[in-house]
Every structure is written in C-alpha cells, then in structure tokens.
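**Q** I have a structure here, written as structure tokens, and I will follow up with some questions on it.
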Amino acid sequence: KVAIKGIERELICPACKELFTHPLILPCQHNVCHKCVKEILFAFEDSFADAGSESSNQSSPRIKISSPSTDRIDRISRSGTKRNSLTPRSSLFPCPGCQRDIDLGERGINGLFRNFTLETIVERYRQAARAAIAIMCNFCKPPPQESTKSCMDCSASYCNECFKIHHPWGTLKAQHEYVGPTTNFRPKILMCPEHEMERVNMYCEICRRPVCHLCKLGGCHANHRVTTMSTAYKTLKEKLSKDIDYLISKESQVKAHITQLDLLLKETECNSERAKEEASQSFEKLSHVLEERKSAALRAIEASKNLRLEKLQTQAEEYQGLLENNGLVGYAQEVLKETDPSCFVQTAKQLHVRIQKATESLKSFRPAAETTFEDFVVDIAKQEESLGDLSFHSSGLEIPEINEKQSKMYNKALISWECPGKTDSADIYVLEYHKLNREEETTTWQEIEVCSKSKIISDLDDDSSYAFRVRGYKGSICSPWSREVVLRTPPAPVFSFLFDDKCGYNSEHLLLNLGRTSVESRAGFPLLLGSDRMQVGCYTTLDYIIGDTGIAKGKHFWAFRVEAYSYLVKVGVVSSNKIQKLFHNTHDVTSPRYEQDSGHDSGSEDAFFDSSQPFTLVTLGMKKFFIPTTPAAPKDPASRILPLPSCLGICLDCDKGKLGFYDAGCMKCLYECNVDCSGVMYPAFALMGGAAVHLEEAVTAKYSEYHDDI
C-alpha cells in the first residue's frame, strides 16, 4: 500500500496551494476549495469590470488571478449571469487546474457537488501527518475542552461529559453515529444540488456526474445516457482497481522512468547553465563592440572640438590685434611715425596688404569654425530596432505567413495569417504595421499582441499604403518575422448602402436576397419571349437597380463583386434628377455589333451610345472590364478591354466632380472620368442575362470571427 503521507501532491488545491477545504468537483473533473471558487469568481469579475486592472485582485491574499483576455471578456459578456450580491454573477469559471473557462451552468456554484471522498482522504492525511489542530468541544462552557468524539448526525464535536448530556440513554440521539474527533461531517445520503429534496440515484455518462430522477425526466440530462448508481459504482471501481493493479505491476518500469527523469533534470540544469554562459558571452561581445564604437565616437568629437577651438582662438587673436594700440593696428600706428620715405615705403607696402585683408574680413565676418556638432549625431534607430528584436530564435517555431487572399482592406483592415505546417506552435502572435511614407527617414512600427490568427485594425489613413508583418511567440522563444505584405487603403471613406427594392426595382427580372446585399438577373422566359422579335441584332432592355442611400457631398468609396458567369453588367452612378430617365430610357439597348453580320461600325455606335446616356456607367461582362470610348481613351479596341478584377471599387468625389473605377484588391485606378454632381448621386447597377452583383461586406468583429471559424 502507498503510504498516506506520499500522496500530499494529490491533496493540494491548485488555487490556494494548501490542503483541500470543502472541495467542489468542477465539470472538468478538477477539484477546487469552495472558498477558492468564490474568490476566483469575484476576482475574475472585478478584472472584467476594470477591463484588465491590476488592482482588482488585491482583496484576495490567497489567490492571484491574471487579467482576463479580450476574448474571455467577450465570452463572459455573452454568458448568462446571476444577480446576487452574495454569490459571483458569472457562469464562466477559469479553472486553475486546466486553465480553461468552465461553464458552471445556470445554478453556478450551487450546482457543483462537494467531493466528500476527497475530504475524508484529506482528513486521514491530516491525522497521519499530525498536522491537525486539536478539535475542541462545541458545547463546553469557556474554556472549552478537547473533543473526544464527533456525531455524524448532529455534525458537531463533543467531550465525554457533553456527549452524555446531549445523547442520553434511552433516546433517539443515543442511536446517532459517532466517530473520532473530526471536522469532516459528510451526509449519509448525497442529495442533488439542482433538486435539493431528491437523492442522487443515477450517473450521467455524458456529464460524468451523479443525477436524480428529476434531472433525467425533465432536467438538463433528459436526453443523456444514464446508468444506475450501483452499476456506475461497480464499473468505475473495477476500472480503477484494474488500472491501479496495472500501475503497481509496472513499478520497476516506473522506477526506471524516474531514474531517467532524474538524469534529465541534471542534464537540463547543466544545459541551462551553458545556455546562460553563451548568452552572457554574446551580450558581452555586443557590449565590447558598443564600448569600442563609443570610444571612437568620443575621440572623434574631442579631436574636432580641439581643432575648432584652435581656429576660433587664432581668429580671436587676429581680431584682438585690430584694436587701437594693440597688435596689427598698434604696429601700423608706429610705422606711420616713420619720416624717412624710403624706409616707410619699404615697410608700409607689406603692412598695407595685411591691413586690407583685416578690413575685408571685418566687413564680411565669418567664424573660422562651426559651433554645432550636428555631423556627430549617432543614428541608432536601426540598431535600436534590431536590439529590440533580439530574442531566442528557434528553428522549431514556424514562421507565420500573412494570407493575402484572406486579408482585406476596406472600412477597416483585416489581417489574417497562418503557419505552413497548419499547427498552432505559437502561444501568441505579435502583429506590426507602419505607414509607408517616403518623407520619413526612420520607420516606426506599431505593435499589437494577438491571441488568434487574425486581427482587425481601424483608424488607418485613406489612400495610403501600409506594410504588415507578424511573428509567433512561445514563451520567451520567438520565430523570425514573416515576409512583409503591403496593402493599400481605399482612396476615400467607405460608403455603406443596400440595394433599393422600391425605386424602379423590377421584381420579375431581378432577384434580391433578404439582406439586400446581392442582386441577380436570371436569363429566363422573359428573355426568350423578348427574342421573338429578333431578326437582326439583339435589342433587349437592361434591368436597373440603385442604392437606397444617396451622396450629396464629399468623397466616398464602395466596392462589390461581379460573378464570373455574368454576361452583361453596368455599374456607376446616377443623379437624383435623372432617375426617372434611367428607368424609362428609350435608347437603353445593347449594341448590335455583337451580331456577326450586323454590318454596323462599332466605333460610331459607341459614340452614339455614350452621348445618349443620362448617367455615368461602365460595362462589365464575360470576365472583362470595358473602358468607355472617349477622346482620351486608346484607339485600339483591344487595349480598352481589361481583365475583370475579383472585386471592383468605385470612388465618387462630389466636390471635384470625379468618378473613378478601381481594382479593389490593390486599389489601382482602372478608369476615371468627369461626372455632373449637381444632384444627389446614387450608386447604379444594370444587369442583363445571367448576372449577379454582391456588395462588399464591411469588416467587423463578427466578420473576423467568421473567418477564424473557417
């Protein structure tokens, strides 16, 4: 048998690190003291209310709870809560054993079973270790005597005299069950925590907990597989006994593993010391390099200072000589006293040259040396960034890659990444980004810690390019940075609207989804019936639909996707004073040039078509983008046909009267034209044949969760 004092590790609460006191069994099958459960829940709610405040847990000296993460706070905010000031409100419990959020259900703590078996074992351990404090009688007058027995029916401890008084012979109390002094009063019958008047008589195999018949009939275990308590007792006891016997039979193997682990412990100690020494040597090398560079820089500054001081001092002495009776002027004054012409001319010629130079220098004074040391400023921005990235790089930690297809720039930036091995080897990721600006000499990265593999970034500047990179961290080890990915924001703020299902909407030809974000034109019987009158060419009417919101001023951008199978789609804008003309346009026909033998000149026909339009639209279809015919457009028809982007964007600048069509994937302008913005402008779409248009979905937190689920 295993000695009782050898199992202490199994009797320690994972929260308070002390012996269990009234342990409760969590749904994850871990045990925690009743008091610890309440303290953790209260501390966790305080951290949630303070949004990560470090001071929220100071009221509990036994337990320190770290601040909850954002995703955990979101889960708590969505969970059901109990409004009772005496009990914690949250139904989510951060288990200290497995570090997971456990749902306690509607009853919270009150729905947890008390582990009486564990209490009994803890009590036996206390007695075996002689760590139990003497249990005093509950009924003695002060000073109380040490108890000699405890009554399991009364849940109290007595000395010999008090026990005789409260359990007299010949009464029902005399038949109570008594044991040695203890504080562990376990009930004779285990009652259901959800139905307090019912005893548990079944075992739920799904939830792995005892239940009563009411739980099975109409409670939360109604559809669960249950078995009788006696069957569960017999089955679990047989399994446990069998497993224990197996472990005991493998005692020699266990001892061999322990010996191997002891060797690994020593090896780990040696390797850690070696790693510390190598790290210290690496940093010492860096320190030596820095000291050498520092000494060289200081010597260069000192040498430059001495040279400049020497020049300035010489210049000061020269100007000092220009003062009266001093230096050059004093000498010249003495020469003027010479009366002999030949001697005077001989001396004055050279002196006059010096006087002229002094006069010129006085007129245009310039210091002989600069006083600033701007040329000696050490630029350490790159080195500082490199030192900031200094960490333990591991070849085993995969380098994440930013997925450009799943990443998106719209009203906000959604950046998604993945690991090539499809494994979550990193515990946390660090996403960095910065705006690409040619004017800035240094690059300042903004850093965000992310627990998932995607992040939404808001408040980015319009019409700007940003570089993104990501790296993974597992403890103190990090992976190298991923390849930088450059994404561009839309040229203007994103304009949100839905398709209008009232103004001019043709429900016979067009089909809207419930959210009014997608419209589809079906080439069905109406098109076949219209083809009855076809002899030459194809004269069929387009079906128009507009946005439900107009634009009166400012610059706005919206994006949409056109299905690849679409035959003909026109997109653009229409003014409010021309909407009626839009839906009753007699010239709204497709060109007969698509008929092989039509005999029409396509160039003249395009000119007629464009000049007759009361609105600004461009043509899409058959996976192509057609640049309209204008004087500035290329004359070659083939150069006016571009591949249709997977996502197309439109930018309307009402103030400048400009309309631009963009590849929304890279924000590249495909075509720009002037537009009359005298009225309120509405997004306009026209479809013919089999075609579909889907408005681009705005980036929100829900959008990110959806992509994370994918």
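**Q** Could we say that PRO631 is at pLDDT below 85, open to solvent by 50 Å² or more (accessible area, probe 1.4 Å) and within 23 Å of VAL562 (Cα to Cα) here?
**A** Taking the combined requirement at face value, the residue does not satisfy it.
**Q** Return yes when LEU460 is part of a loop (DSSP other than H, G, I, E, B), surrounded by 15 or more Cβ atoms within 10 Å (Cβ to Cβ) and without any contact (Cβ under 8 Å) to a residue 60 or more places away in the chain and no when it is not.
**A** The answer is yes for LEU460.
**Q** With the requirement that a residue be open to solvent by 80 Å² or more (accessible area, probe 1.4 Å) and assigned to a loop (DSSP other than H, G, I, E, B), what does segment 330-349 give you?
**A** Selection gives LEU336, LYS337, GLU338, THR339.
**Q** Taking ALA559 and the conditions (1) outside any strand (DSSP E or B); (2) at pLDDT 90 or above; (3) of a type in the set (Gly, Ala, Ser), which numbered condition does it fall short on, given that it satisfies the others?
**A** Exception for ALA559: condition (1).
**Q** Let me ask you something else. Based on this model, can you work out whether GLU440 counts as more than 16 Å from MET667 (Cβ to Cβ), open to solvent by 70 Å² or more (accessible area, probe 1.4 Å), of a type outside the set (Val, Ile, Thr) and at pLDDT below 90?
**A** Yes.
**Q** Okay, moving on. Does ILE189 satisfy the criteria of being out of contact with any His (no Cβ under 9 Å at 6 or more places or on another chain), outside any loop (DSSP other than H, G, I, E, B) and without any contact (Cβ under 8 Å) to a residue 60 or more places away in the chain?
**A** no
**Q** Looking only at segment 105-119, count every residue that is in contact with a Pro (Cβ under 9 Å, 6 or more places away or on another chain) and either outside any loop (DSSP other than H, G, I, E, B) or basic (Lys, Arg) (or both) and tell me the total.
**A** 10
Residue by residue, here is whether (1) in contact with a strand residue (DSSP E or B) (Cβ under 7 Å, 6 or more places away or on another chain); (2) open to solvent by 100 Å² or more (accessible area, probe 1.4 Å); (3) touching a residue at least 60 places away in the same chain (Cβ under 8 Å); (4) over 18 Å from PHE468 (Cβ atoms) holds:
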residue: LEU351; (1), (2), (3), (4): no, no, no, yes
residue: LYS357; (1), (2), (3), (4): no, yes, no, yes
residue: GLU374; (1), (2), (3), (4): no, yes, no, yes
residue: LEU390; (1), (2), (3), (4): no, no, no, yes
residue: GLU404; (1), (2), (3), (4): yes, no, yes, no
residue: LYS412; (1), (2), (3), (4): yes, no, yes, no
residue: PRO420; (1), (2), (3), (4): yes, no, no, no
residue: ILE428; (1), (2), (3), (4): yes, no, no, no
residue: TYR433; (1), (2), (3), (4): yes, no, no, no
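**Q** Hey, another quick one. How about segment 474-509: which of its residues are within 30 Å of ASN437 (Cα to Cα), among the basic types (Lys, Arg) and assigned to a strand (DSSP E or B)?
**A** Initial filter on segment 474-509 (within 30 Å of ASN437 (Cα to Cα)): 478-496.
So of that shortlist, the ones also among the basic types (Lys, Arg) come out as 483, 488.
Once the filter is applied, which keeps residues that are within 30 Å of ASN437 (Cα to Cα), among the basic types (Lys, Arg) and assigned to a strand (DSSP E or B), segment 474-509 yields only ARG488.
**Q** In addition: Kindly provide the set of residues from segment 511-543 that are open to solvent by less than 30 Å² (accessible area, probe 1.4 Å) and modelled with pLDDT under 90, ordered by number.
**A** SER521, GLY524, GLY530, GLY537, THR540, LEU542, ASP543
**Q** With respect to VAL179, is the statement that it is open to solvent by 30 Å² or more (accessible area, probe 1.4 Å) and either closer than 30 Å to LEU11 by Cβ or assigned by the TED database to the domain that holds ILE7 (or both) true?
**A** Taking the combined requirement at face value, the residue satisfies it.
**Q** Looking only at residues that are under 33 Å from the mean Cα position of the chain (by Cα) and over 20 Å from PRO628 (Cβ atoms) in segment 560-585, which one is most open to solvent (accessible area, probe 1.4 Å)?
**A** Per the stated criteria, the residue is ARG561.
**Q** If you don't mind, there's one more thing I want to ask. Check ALA134, ALA174 and return the single one that is part of a helix (DSSP H, G or I) and small (Gly, Ala, Ser).
**A** ALA174
**Q** Mind listing just one residue for me: the one in segment 140-176 that is within 22 Å of ARG186 (Cα to Cα) and among the small types (Gly, Ala, Ser) and, of those, surrounded by the fewest Cβ atoms within 10 Å (Cβ to Cβ)?
**A** In this case the residue turns out to be ALA174.
For (1) exposed (fewer than 13 other Cβ atoms within 10 Å of the Cβ); (2) at pLDDT 80 or above, each residue gets a yes or a no:
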site: ARG78; (1), (2): yes, no
site: THR81; (1), (2): no, no
site: LEU86; (1), (2): yes, no
site: SER91; (1), (2): no, no
site: GLY108; (1), (2): no, no
site: PHE113; (1), (2): no, yes
site: GLU119; (1), (2): no, yes
site: ARG124; (1), (2): no, no
site: ALA134; (1), (2): yes, no
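The values are calculated or read from the model by the stated rules, or taken from the named source; none is laboratory data. Quantities reported herein were computed from a predicted structural model and do not represent experimental measurements. Note: ideal-geometry Cβ built from the backbone for every residue, glycine included; neighbour counts use all protein chains shown. SASA here: full protein model, heavy atoms, side chains in, ligands and nucleic acids out. Shrake-Rupley method; radii C 1.70, N 1.55, O 1.52, S 1.80 Å.
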